[in-house]
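The values are calculated or read from the model by the stated rules, or taken from the named source; none is laboratory data. Just so we're clear, the structure is a prediction, and the values are computed from it rather than from any experiment. Glycine also receives a Cβ, built like all others from the backbone with ideal geometry; neighbour counts cover every protein chain displayed. Quick note on the areas: whole protein, heavy atoms, side chains included, nothing else; ligands and nucleic acids left out. Shrake-Rupley method; radii C 1.70, N 1.55, O 1.52, S 1.80 Å.
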Amino acid sequence: MIAVEATLARLQTARDLLLAPYGLDESSLLNALRVITQHRVDDADLYFQYTRSEGWSLEEGIVKSGSFGIDQGVGVRAIAGEKTAFAYSDDISEAALLDAARTVRTIAAAGQSRRVKVGSHRVVPSRSLYASFDPIASMDSAAKVALLEDVERRARAKDPRIVQVMAGLGCEYDVVMVARANGVLAADVRPLIRLSVTVIAEQNGRREVGSGGGGGRHDLAYFTPEIVQTYVDQAAHAALVNLEARPAPAGEMTVVLGSGWPGILLHEAVGHGLEGDFNRKGSSVYAGRIGQRVASKGVTVLDDGTLPDRRGSLNIDDEGHVSQRNVLIEDGILRGYIQDATNARLMKTAPTGNGRRESYAHLPMPRMTNTYMLAGDKDPQEIVASIDRGVYAVNFGGGQVDITSGKFVFSASEAYWVEKGKILYPVKGATLIGNGPDAMNRVSMIGNDLALDSGVGTCGKEGQSVPVGVGQPTLRIDGLTVGGTA
């Protein structure tokens, strides 16, 4: 939903936090942009940010650490052709802003660059996907400590084999403002919370770890007793199941991926390959393949920054563009890439609301928001029952992908060996090895149980981390290589 009143309210919050205390106003921003555009450039922008964060952690029944931080500053960017000049300062003042503007002005003119006329600022209506509150202030310190202690009590009560519990609570209040040379003025107020729980279970000298957690763009009242119990149940279940796990078989076999968090494989093996910068440079396996089949029929993949309250959602991206619901693969056909402003201009297409950066001290680039596959029509139980011999991977740990080749390696943190449609026992050490486009072309059954992750995803790219979401229905992939330990 595009909301004009909410847009103006967020913009006023940004003015109050980022401009007024330092004697700045919108004329100061226009002046800095005019300084930059005295030389020939294609684009220029200012990115102001104020971030307040808080973290608490519990271990051995004691809240052992707490942290509180405030970070603020401004990033100044000028772009000519493919060249970018960038400067940033943690001093928000007119002198620092103009000094940064003069620094980036020294960028050399590129062949296709032009002199940009700085226009009067215009406020562009943005989405209203989450409330503009400060989640840190939504619960006092004593209640936050009590929340972590409650996690610990619940986890220990699950099973006597649980010998250690660790829990963490994080909150962030992020206010950003973007001023562009083309006149766009935009702001966002982004709350973010996360609760995590890790347990260690022990039996006959064997120890296994399980984890759970979630969050999103909420206040801390989101963590009701029912939701906390869900996170504890997830962590305890993972650890206790793995106490009984046997070594995973190895070889080429049918693999069924569970719904929800296993979408991290989709994010890594497919999503990164669809980011505009990799495709513009021709380094992605998907480069130049718009309109071609890159996955089985029925496979539709979206990157959607418009889901309410989700961890990866944005009212605007970090370049001031409204977030979008982008169809990347439709019924197996590649339809588009994820774009920021620079790569969109160079590829002669439109930005998709995916220009993201870790902070004011970083350059924006094409990044995912919430990436997921749409549901099919198969019952998940039918999909598992269709396995003759293979692995049912319910949850994942770490993984990595080579963008150029599309090759990936992922470790399953909870998986089961299946024969003749029957789940026989849990397995440990199952590693899925494959190629993103090849794996997507091996999808033979798609479940009707699309689920998104619980709100824990963080994506890394070129040294920058941003919050994201993933999701998928249950999937059957034929002939995937499993690197096991048996």
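Structure above, values below:
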{"item": "Only listed residue being within 16 Å of Thr254 (Cα to Cα), in contact with an Asp or Glu (Cβ under 6 Å, 6 or more places away or on another chain) and of a type in the set (A, V, I, L, M, F, W, C), chosen from Val427, Val401, Val394", "result": "Val394"}
{"item": "Residue list for the stretch 460-470, filter: under 9 Å from the mean Cα position of the chain (by Cα) and modelled with pLDDT under 95", "result": "Gly460"}
{"item": "Per-region count, the stretch 274-298, residues in contact with a helix residue (DSSP H, G or I) (Cβ under 6 Å, 6 or more places away or on another chain) and under 18 Å from Asn441 (Cα atoms)", "result": "7"}
{"item": "Condition check for Arg246: open to solvent by 40 Å² or more (accessible area, probe 1.4 Å), more than 30 Å from Ser138 (Cβ to Cβ) and in contact with a helix residue (DSSP H, G or I) (Cβ under 7 Å, 6 or more places away or on another chain)", "result": "no"}
{"item": "Strands (runs of 3 or more DSSP E) within the stretch 346-422 that include 1 or more residues modelled with pLDDT under 95", "result": "389-401, 407-419"}
{"item": "Answer from Ser296, Ser359 - the residue that is within 30 Å of Thr84 (Cβ to Cβ), in contact (Cβ under 8 Å) with a residue 40 or more places away in the chain and surrounded by fewer than 24 Cβ atoms within 10 Å (Cβ to Cβ)", "result": "Ser359"}
{"item": "Residues of the stretch 462-474 satisfying the condition of being open to solvent by 50 Å² or more (accessible area, probe 1.4 Å) and either closer than 15 Å to Gly213 by Cβ or out of contact with any Cys (no Cβ under 8 Å at 6 or more places or on another chain) (or both)", "result": "Glu462, Gly463"}
{"item": "Candidate set from the stretch 34-64 (those that are open to solvent by less than 60 Å² (accessible area, probe 1.4 Å), of a type outside the set (Val, Ile, Thr) and modelled with pLDDT under 95); member that is nearest to Ile92 (Cα to Cα)", "result": "Ala44"}
{"item": "Pairs where the first residue, in the stretch 60-76, is on the phi > 0 side of the Ramachandran plot and touching a residue at least 60 places away in the same chain (Cβ under 8 Å) and the second is part of a strand (DSSP E or B) and β-branched (Val, Ile, Thr), C-beta under 8 Å, 6+ apart", "result": "Gly61/Val165"}
{"item": "Filter result for the condition that a residue is among the charged types (D, E, K, R), touching a Gly at 6+ places or on another chain (Cβ under 8 Å) and either part of a strand (DSSP E or B) or over 17 Å from Ser359 (Cβ atoms) (or both), over Asp45, Asp91, Asp99, Asp71", "result": "Asp45"}
{"item": "Val165 vs. criteria among the hydrophobic types (A, V, I, L, M, F, W, C), on the phi < 0 side of the Ramachandran plot and surrounded by fewer than 19 Cβ atoms within 10 Å (Cβ to Cβ)", "result": "no"}
{"item": "Any chance Val285 is open to solvent by 10 Å² or more (accessible area, probe 1.4 Å), in contact (Cβ under 8 Å) with a residue 40 or more places away in the chain and not in a strand (DSSP E or B)", "result": "yes"}
{"item": "Pairs where the first residue, in the stretch 86-98, is assigned by the TED database to the domain that holds Val74 and in contact (Cβ under 8 Å) with a residue 60 or more places away in the chain and the second is in a helix (DSSP H, G or I) and among the hydroxyl-bearing types (Ser, Thr, Tyr), C-beta under 7 Å, 6+ apart", "result": "Ile92/Tyr22; Ser93/Tyr22; Glu94/Ser28; Leu97/Ser28"}
{"item": "Residue among Ser126, Ser132 that is open to solvent by 50 Å² or more (accessible area, probe 1.4 Å), in contact with a Lys or Arg (Cβ under 8 Å, 6 or more places away or on another chain), polar (S, T, N, Q) and modelled with pLDDT of 90 or more", "result": "Ser132"}
{"item": "Leading residue by the ranking (farthest from Pro473 (Cα to Cα)) among those in the stretch 423-461 that are of a type in the set (Val, Ile, Thr) and either in contact (Cβ under 8 Å) with a residue 12 or more places away in the chain or open to solvent by less than 50 Å² (accessible area, probe 1.4 Å) (or both)", "result": "Val427"}
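Condition check ((1) part of a helix (DSSP H, G or I); (2) surrounded by fewer than 18 Cβ atoms within 10 Å (Cβ to Cβ)) across all residues:
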{"residue": "Met177", "(1), (2)": "no, no"}
{"residue": "Leu195", "(1), (2)": "no, no"}
{"residue": "Ile227", "(1), (2)": "yes, yes"}
{"residue": "Asp233", "(1), (2)": "yes, yes"}
{"residue": "Ala239", "(1), (2)": "yes, no"}
{"residue": "Asn242", "(1), (2)": "yes, no"}
